[in-house]
Amino acid sequence: MAEVIYYPICKKDDLPNGERLWITIGNDPVVIFNINGNYFAIRDVCTHDDGPLGEGDLEDHQVICPRHGARFDVRTGEVLSLPAVKDVPSYPIRLVGDQIEIGVLI
């Protein structure tokens with residue numbers, strides 16, 4: 001069974017509501033969203049054409065790829081519309097005190 005290890009990213013005050021934070025885990029670009037005090041993280045690469053998802057518009061919990069309009073649920077990474085057909089990986093996020101931490105499977 002896979003184990004999740006959490007790594008500190010930043011203080012929650014460093015990621016205000018409605019903002020995004022870009023980080024790299026290994027070789028994977030990741031974007032973290034703060035939506036009304038809830039934090040979500042997905043891989044910052046569209047599965048349709050490898051475009052940068054984190055730069056797309058956000059509607060509710062959907063990020064819209066700025067290149068061709070594919071939509072993904074930032075809570076789960078689930079693809080919601082064409083032209084993408086494959087989900088993006090999502091990462092668990094937790095708060096420990098005022099510290100945002102991201103989980104990575106090992």
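The values are calculated or read from the model by the stated rules, or taken from the named source; none is laboratory data. Just so it is clear, the model here is predicted, and its values are computed rather than measured. Neighbour counts run over all protein chains shown; Cβ positions are idealised from the backbone, glycine included. Only protein heavy atoms, including side chains, enter the accessible area calculation; ligands, DNA and RNA are left aside. Shrake-Rupley method; radii C 1.70, N 1.55, O 1.52, S 1.80 Å.
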- [ ] Obtain the nm distance between the two label points defined at Leu105 and Arg67 by a simple spin-label model: each point lies 7 Å from its Cα along the Cα-to-C-beta direction.
- [x] 2.4 nm
Open item on the list: Using the Cα centre of the chain as the reference point, and only Cβ charges (+1 on K/R, -1 on D/E), how large is the resulting charge dipole? Debye, rounded to the nearest 20.
Closed with: 100 debye
Open item on the list: Which residues among segment 67-82 fall inside the zone where the amide N is under 19 Å from a point 7 Å beyond the Cα of Ala2, along Cα→Cβ?
Closed with: 73-79
Open item on the list: Given R₀ = 22 Å, what would the calculated FRET efficiency be for Asp98 paired with Arg20, taking r from the Cβ atoms and rounding to 0.05?
Closed with: 0.75
Open item on the list: Keeping all protein chains in the complex and leaving out DNA, RNA and ligands, what accessible area do you get for His61 with a 1.4 Å probe, in Å² to the nearest 10?
Closed with: 40 Å²
Task: Relative contact order (%) - the chain, alpha-carbon pairs under 8 angstrom, separation at least six - done: 28 percent
TODO: Restricting things to alpha carbons, find the Rg to Rh ratio for segment 7-106 using the Kirkwood radius for Rh.
DONE: 0.95
Task: With every protein chain in place, segment 19-106: carbon and sulfur % of accessible area (1.4 Å) - done: 46 percent
Open item on the list: How far apart, in nanometres, would the label points at Lys86 and Asp49 be if each is projected 7 angstrom from Cα along the Cα-to-Cβ direction?
Closed with: 1.7 nm
TODO: Find, among the GluC sites (Glu not before Pro) in segment 1-91, those assigned to loop by DSSP (not H, G, I, E, B) with at most 10 other beta-carbon atoms within 10 angstrom.
DONE: Glu3
TODO: Report the full-extension gain for the segment Asp60 to Glu78: residue separation times 0.36 nm, less the Cα-Cα distance, to one decimal in nm.
DONE: 5.1 nm
TODO: With a probe of 1.4 Å, find how much accessible area the chain has per residue, and write the answer as a whole number in Å².
DONE: 57 Å²
Open item on the list: Please list 3J(HN,Hα) in residue order for segment 12-26, calculated via the Karplus relation 6.51 cos²θ - 1.76 cosθ + 1.60 where θ = phi - 60°; whole Hz, with x for glycine and proline.
Closed with: 4, 5, 7, 10, x, 3, x, 9, 10, 9, 9, 9, 10, 10, x
